[in-house]
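The values are calculated or read from the model by the stated rules, or taken from the named source; none is laboratory data. All figures in this text were calculated on a predicted structure; none of them were measured in a lab. In this analysis, Cβ positions are derived from the backbone assuming ideal geometry, glycine residues included, and neighbour counts consider all displayed protein chains. Heavy atoms of the whole protein, side chains included, go into the accessibility calculation; ligands, DNA and RNA do not. Shrake-Rupley method; radii C 1.70, N 1.55, O 1.52, S 1.80 Å.
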Amino acid sequence: MLKNIFLPVILSVLAYVFWISPNFKEVSAGVAIFLFGMIALELGFKSFSGGMLEKILKYSTDKLYKSILFGAISTTIMQSSSLVSILTISFLGAGLIGLAQGIGIIFGANIGTTTGAWLVAGFGLRVDIAAYAMPMLVFGVVLIFQKSQTLKGFGYILAGVGFLFLGIHYMKEGFEAFKNTIDLSTLSVSGLKGLFIFTGVGIVATVVMQSSHATLVLIITALAAGQISYENALALAIGANVGTTITAIVGAMSSNIEGKRLAAAHMIFNLVTGLIAIIFIYQIISLVDFIALEIGIAKEDYTLKLAIFHTIFNLIGITMMLPFINGLVRFLERVLPLQESEDEIGYDSVKYLNESVLELPETALGAIIRETKHLYENAFEIIVHGLNLRRRYITSSMELDEVIKKKHSKNYINIENFYHHKIKGIYGDIIDFSTRAQSNMSPELIQELYKIKLANRDLVEAVKDTKHLQKNLIKYSQHQNQHIQDAYTSITKGLAELLRYINIISTTDEEDVIVLLLAKAKVHTQKNDIISNGMLDNLIRKHLITNEMATSLMNDSSYTYNISKNLTSMAEVLFIDRQSDIKSLHEDTVISNSDVETILEKKDS
Amino acid sequence: MGIKKFIKSVTDYLGLDKLEEMGKKKSLKNILSKLKTRRVKILNSIKNREDESKCDELQEELDIVNLQLKKGKQILNKLQKQ
């Protein structure tokens with residue numbers, strides 16, 4: 001109800017104020033154009049985020065100092081800490097970077113955002129920027145209408161900067177005109193009271209405009225026109241810094257727990273920094289005066305002094321918070337814990353797929369790969385337990401004969417139940433997410449995504465085949481006919497060996513080990529196939545098993561062969577880093593079926 | 001000149017397209033040297049008969065390594081010719 005009347009009331013109030021004050025209308029139009037410019041700029045950068053931006057982010061965040069540097073530089077270039085925050089949340093949500101690196105980027109973004117104040121105070125107010133804005137807008141719009149995505153992206157960036165300049169121009173003009181009619185500076189409040197009131201105003205203004213940058217530009221232009229006092233402008237700047245965290249919080253709503261933790265870190269950092277700035281405001285003002293004097297800024301040049309203040313209080317905040325980043329990560333992990341499964345087996349759900357990464361093709365693909373690895377973990381567990389083996393022995397170096405003797409439990413697990421709890425939902429979500437992410441991807445990425453989808457299908461098929469195999473495994477593993485019992489023990493041992501290879505492939509970084517084990521897995525798939533190795537023929541010919549047993553064994557050998565084949569194909573796609581050179585080389589060096597036969601023939605001879 | 005054509009001519013001029021191949025060559029050489037080390041280790045194990053029961057397994061691994069080395073060298077030659 002309140003929501004329904006809020007917008008019409010706001011619009012009516014604005015219309016009335018515009019009618020009685022043309023100057024206010026001009027300032028508001030300036031803010032609106034400025035915000036529109038930011039939207040255009042974000043659109044422009046997003047059109048490039050399909051590769052370059054994400055690649056840079058991925059390789060620039062492995063160390064904390066690099067994360068901070070990246071945050072500072074990217075925000076300086078894009079002039080939007082919000083866009084950087086949202087991208088960081090997306091990356092974190094997709095599991096491509098850790099929380100500590102994410103916090104580093106946010107800290108850096110806080111430094112980067114201070115460059116906006118310098119640009120406006122040092123350049124925007126001294127030059128007639130509207131003169132630059134016009135051609136930028138014209139060129140920008142012409143480029144936006146082009147078919148090429150790259151040109152379109154450049155067009156949005158150019159038009160975005162043009163609108164930013166135009167917005168600043170209108171704000172400046174509006175405040176200049178205001179000076180001749182109303183003197184807003186008479187409303188200034190001095191002392192601590194004024195400090196808190198204007199900090200609050202800064203917060204509200206930033207929350208409404210969803211941009212601390214726009215608030216800061218508004219403050220600087222008002223300050224330049226003498227409509228607000230220097231002290232009140234400082235308080236407004238502090239408020240803008242606190243208010244900007246709202247954007248990150250809104251962005252984190254659709255993200256997973258890691259994204260929410262980052263938004264919380266952002267809020268804590270900006271609140272603490274704001275609090276420090278309020279407590280030590282007079283000391284910081286003295287420091288600003290000292291620095292201004294040292295670098296030759298005039299005593300009355302309050303706009304540049306505001307830029308110095310903005311930079312200093314962000315730097316102080318980062319210096320103070322930096323030693324506590326790991327503590328902050330631990331605190332957030334404790335306060336915002338991962339949600340545990342509720343029932344006995346636990347319905348597992350997706351960990352890395354969230355809506356915020358859908359528009360970023362590289363990140364989306366990264367998230368899908370991570371999620372497939374999550375699906376693999378579950379499938380591995382189900383297959384191992386489905387064979388009534390213990391995971392920790394498979395992943396150890398224990399002799400395989402010993403491994404298959406150590407049963408997981410007295411009774412075999414219900415694979416169907418586990419499939420519904422730990423596979424089906426995740427698999428469905430991966431396919432659904434992939435289909436939606438695909439619409440923003442290049443043909444090359446779609447090709448890679450197709451392979452990942454096949455790897456998912458391989459995993460699901462492997463689990464289903466284990467379910468079919470399990471029926472006779474239960475029936476014959478304790479059978480009085482020693483021959484059929486041995487045949488099923490051999491099947492279990494072969495699969496245990498393959499699972500061991502796959503586990504090593506999934507955990508090692510050694511490329512030669514991966515290449516070798518993938519080849520070994522292929523050889524073993526063929527070698528352990530009881531139809532091709534003659535074991536089944538031998539059992540039938542010598543009448544060691546009944547016809548019913550022979551049929552079961554024949555079907556189960558097919559399931560076993562498919563499990564091995566599917567798991568090996570999945571590992572080939574999933575566990576070789578897609579960015580590495582070895583990925584493309586592997587496709588050339590992959591062992592073919594005829595190679596496998598040659599190796600096995602050599603062995604037999 | 002289209003933007004794609006322009007980018008291609010710049011990368012051709014600066015020789016940037018060769019960077020990818022150089023990276024591949026380096027990775028391949030690295031793997032080949034690791035496989036060679038492994039080959040020597042397997043041969044020593046077979047020669048010393050450290051573990052009789054594993055002799056079969058080692059021989060199979062040796063065959064795979066030999067095959068990988070052969071394929072790897074072929075690809076390396078192809079890359080070097082380019």
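Look at where the Cα atoms of the stretch A:504-520 and of the stretch A:267-330 average out, and the two centres are 51 Å apart. Largest first, the residues A:Phe24, A:Phe269 sort by 1.4 Å accessible area into A:Phe24, A:Phe269.
The base-10 log of I(q)/I(0) for the stretch A:70-140, evaluated at q = 0.20, 0.27, 0.28 Å⁻¹, reads -0.80, -1.08, -1.12 [Debye formula, identical scatterers on Cα atoms, solvent excluded]. Taking the Cα centre of the stretch A:237-332 as origin and assigning +1 to Lys and Arg Cβ atoms and -1 to Asp and Glu Cβ atoms, the resulting dipole is close to 400 debye.
Accessible area per residue for the stretch A:378-456 is 50 Å², calculated with a 1.4 Å probe on protein heavy atoms, without ligands, DNA or RNA.
Placing R0 at 22 angstrom, the Cβ-Cβ distance between A:His468 and A:Arg392 gives a FRET efficiency of 0.25 after rounding to 0.05. Here the stretch A:329-471 is described by how far its Cα atoms reach on the three principal axes: 50, 41, 29 Å, from widest to narrowest. Dividing the C-alpha radius of gyration of the stretch A:355-604 by 2.2 N^0.38 Å, with N its residue count, gives 1.07.
For the stretch A:104-177, chymotrypsin sites (Phe, Trp or Tyr not before Pro) meeting the loop criterion (DSSP other than H, G, I, E, B) and having at most 16 other Cβ atoms within 10 Å: A:Phe145. Legend: calculated FRET efficiency, A:Tyr132 to A:Val208, from the Cβ-Cβ distance at R0 = 35 Å, rounded to 0.05, equals 0.80. Positive end of the dipole of the stretch A:355-604 (Cβ unit charges, origin at the Cα centre): among A:Ser356, A:His408, A:Ala521, the Cα lying farthest that way belongs to A:His408. Using a probe of 1.4 Å, the accessible surface attributed to B:Arg39 totals some 90 Å² when neighbouring protein chains are kept in position. Of the listed residues A:His479, A:His420, A:His543, A:His213, the order by accessible area with a 1.4 Å probe, largest first, is A:His543, A:His420, A:His479, A:His213. Placing unit charges on the Cβ atoms of the charged side chains and taking the dipole of the stretch A:355-604 about its Cα centre, the candidate lying farthest along the positive direction among A:Gln485, A:Ala571, A:Ile505 is A:Gln485.
Modelled label positions at B:Lys26 and A:Ser490, each set 7 Å beyond Cα in the direction of Cβ, lie 4.9 nm from each other.
To the nearest 10, the accessible area of A:Tyr450 is 130 Å² with a 1.4 Å probe.
Thinking of the protein assembly as shown as a set of Cα atoms, what percent of all their pairs are more than 50 Å apart? Cα-Cα pairs in the protein assembly as shown separated by more than 50 Å: 31 percent.
Give the accessible area for B:Asp56 in Å² (nearest 10); use a 1.4 Å probe, count only protein heavy atoms, and leave out ligands, DNA and RNA. Result for B:Asp56: roughly 100 Å² accessible. Solvent-accessible area lost on pairing A with B (1.4 Å probe, both sides summed) amounts to about 2300 Å². Roughly what angle does helix A:257-279 make with the longest principal axis of chain A, taking Cα atoms, 0 to 90 degrees, to the nearest 10? Once rounded, one gets 30 degrees. Rounded to the nearest 10 degrees, the inclination of helix A:2-20 to the longest alpha-carbon principal axis of chain A is 30 degrees. Simple rule: put +1 on each Lys or Arg Cβ and -1 on each Asp or Glu Cβ in chain A, find the dipole, and look at A:Gly98, A:Leu223, A:Ile446; the Cα lying farthest toward the positive end is A:Gly98.
Computed on protein heavy atoms with a 1.4 Å probe, the accessible areas place A:Arg457, A:Arg390 in the order A:Arg457, A:Arg390, largest first.
In loop segments of the stretch A:458-511 as defined by DSSP, the GluC sites (Glu not before Pro) with at most 14 further C-beta atoms inside 10 Å of their C-beta are A:Glu510.
Put a dot 7 Å past the Cα of A:Leu7, heading toward its Cβ, do the same for A:Phe280, and the two dots end up 4.5 nm apart. The long axis of helix A:482-507 is offset from the longest Cα principal axis of chain A by roughly 20 degrees. How much of the calculated P(r) for the stretch A:468-587 lies past 25 Å, in percent of all Cα pairs? Tail fraction, whole percent: 32. For the pair A:Glu176 and A:Gln447, label points projected 7 Å from Cα toward Cβ lie 5.7 nm apart.
Under a model in which nothing but the beta-carbon of Lys, Arg (+1) and Asp, Glu (-1) is charged, chain A shows a dipole of about 720 debye around its Cα centre. Using the Cβ-Cβ distance between A:Asp577 and A:Ile39 with R0 set to 35 Å, the FRET efficiency works out to roughly 0.45.
Full-extension gain between A:Arg334 and A:His543, please, as 0.36 nm times their residue separation minus the C-alpha to C-alpha distance.
Going from the current span to full extension adds 68.8 nm.
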